[in-house]
1. How many of the residues in the range 75-97 are part of a helix (DSSP H, G or I) and touching a strand residue (DSSP E or B) at 6+ places or on another chain (Cβ under 6 Å)?
2. Could you run through the range 185-200 and say how many residues are touching a residue at least 60 places away in the same chain (Cβ under 8 Å), within 16 Å of ligand 2 (Cβ to nearest atom) and in contact with a helix residue (DSSP H, G or I) (Cβ under 7 Å, 6 or more places away or on another chain)?
3. Residues P75, P115, P139: which one is under 15 Å from the mean Cα position of the chain (by Cα) and surrounded by 17 or more Cβ atoms within 10 Å (Cβ to Cβ)?
4. What is the residue count in the range 140-184 for residues that are in a helix (DSSP H, G or I), touching a residue at least 40 places away in the same chain (Cβ under 8 Å) and under 24 Å from F39 (Cβ atoms)?
5. Would you be able to say whether some residue in the range 54-72 is charged (D, E, K, R) and buried (at least 19 other Cβ atoms within 10 Å of the Cβ)?
6. Taking into account only those residues within the range 146-175 that are within 15 Å of ligand 1 (Cβ to nearest atom) and aliphatic (A, V, I, L, M), which is surrounded by the most Cβ atoms within 10 Å (Cβ to Cβ)?
7. Within the range 42-57, is there a residue that is β-branched (V, I, T) and over 27 Å from M208 (Cβ atoms)?
8. Which ones in the range 198-210 are surrounded by 18 or more Cβ atoms within 10 Å (Cβ to Cβ) and either in contact with a Gly (Cβ under 6 Å, 6 or more places away or on another chain) or over 14 Å from A11 (Cα atoms) (or both)?
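Every number in this text was worked out from the coordinates using simple rules, so none of it is lab data. From a predicted model like this one, the values you see are computed outputs, not experimental measurements. Every residue, glycine among them, receives a Cβ derived from its backbone with ideal geometry; neighbour counts consider all protein chains shown.
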Amino acid sequence: MIRICPSILNANFDDLPNEIARVATTADLIHLDVMDNIFVPNFTFDFDASAEIIESSKLPIDVHLMVEKADIAGPRYATTKAFSVTIHYEATENVAKTLTAIKETGTRAGLAIKPGTSLEVLKPYLNLIDMILVMTVEPGFGGQSFMREMMPKVELARNWLRSNSFTDIWLQVDGGISTETIALASAAGADTFVAGSAIYKSNEPAQMVTKLRQLAQDAFLS
Ligand code: DX5
Ligand code: ZN
C-alpha cells in the first residue's frame with residue numbers, strides 16, 4: 001500500500017482550500033508543515049491557522065510539527081481534526097508520554113528524525129507509534145535535494161518493522177521526493193511519501209500524484 005501526501009509548503013497559502021482541492025481526487029493525505037522559526041529557521045502556521053486549514057480540508061491532514069516543545073504542541077494539535085500528528089524526536093523531552101497523549105485523542109502518532117539523528121533512538125517507541133518519518137532533507141524548506149544517504153535508515157526501519165511484525169506502522173520519507181527519487185525510497189522500503197515542489201510546481205498536480213504513486217508501486221522493495 002503506497003500513500004502519496006502532497007505538502008502544501010510550496011502551494012499558494014492565500015488559496016489553500018483550492019490548492020488542496022487540486023489533488024483531492026488522487027492524493028491520500030495532505031501534509032501540513034508547521035514551523036515555528038525556532039526548531040527550524042522558517043515559520044509557516046500558528047495553531048489557529050493550522051486548525052483552520054485542518055478544519056476546511058477535503059482530505060485528511062498529516063501534521064508534521066517542526067516546532068520546539070513538542071511535548072505541549074503534539075497533544076494540542078491532536079485535539080484538532082488532524083488525521084495524524086508527527087513530532088520530532090529532537091524537539092521532545094518525554095517522547096513516550098507525548099506519543100501516548102496524542103494517541104489518547106484517537107489521532108495517529110508519528111515520530112520523525114532529522115538527517116543527523118540515528119534511527120536507533122526510535123527503537124524504544126515502536127509500540128507507541130503509527131508512523132516513522134525519516135527526513136530526507138534538513139527540515140525547514142521545500143525544494144531541497146533528496147539525501148540519498150538516508151536510504152540505509154529506511155532499509156533498517158523496514159527490517160525492524162518486518163522482523164517485529166510491526167506491519168501496521170507506516171514508513172514515511174519527506175524531502176526532495178520527485179519522479180527522479182521516489183523509486184529509490186520505495187525500493188528501500190518507504191511506503192508513505194511526502195512531495196511538495198514536485199507536485200505543486202507541476203502543471204498538473206493531480207496527475208503528478210498518480211505518476212509518483214505508480215513509480216513507487218513499481219519500485220516498492222524491488
Ligand atoms: C521540509 C518539509 C517538507 C517539504 C518537502 O522541512 O518537512 O515537507 O515541504 O518539500 P519538497 O518535496 O519540495 O522537498
Ligand atoms: Zn514535512
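1. Filtering the range 75-97 for residues part of a helix (DSSP H, G or I) gives 75-78, 89-91, 95-97.
Next, from what is left, pick out any that are touching a strand residue (DSSP E or B) at 6+ places or on another chain (Cβ under 6 Å): 77-78, 89.
Total satisfying the criteria: 3.
2. 6
3. Details: P75 fails: under 15 Å from the mean Cα position of the chain (by Cα); P115 fails: surrounded by 17 or more Cβ atoms within 10 Å (Cβ to Cβ).
One residue alone meets the criteria, P139.
4. Result for the range 140-184: 1.
5. As a first pass, look at the range 54-72 and keep what is charged (D, E, K, R): 55, 58, 62, 68-69, 71.
The next check asks that each one be buried (at least 19 other Cβ atoms within 10 Å of the Cβ); those that pass are 62.
Yes, because at least one residue in the range 54-72 is charged (D, E, K, R) and buried (at least 19 other Cβ atoms within 10 Å of the Cβ).
6. Checking each candidate, the answer is V173.
7. Pass one, the range 42-57, residues β-branched (V, I, T): 44, 53-54.
Filter once more, keeping what is over 27 Å from M208 (Cβ atoms): none.
No, the conditions are met nowhere in the range 42-57.
8. Of the range 198-210, the ones surrounded by 18 or more Cβ atoms within 10 Å (Cβ to Cβ) are 198-200, 205, 208-209.
If the condition is that a residue be surrounded by 18 or more Cβ atoms within 10 Å (Cβ to Cβ) and either in contact with a Gly (Cβ under 6 Å, 6 or more places away or on another chain) or over 14 Å from A11 (Cα atoms) (or both), then M208, V209 are the ones that fit.
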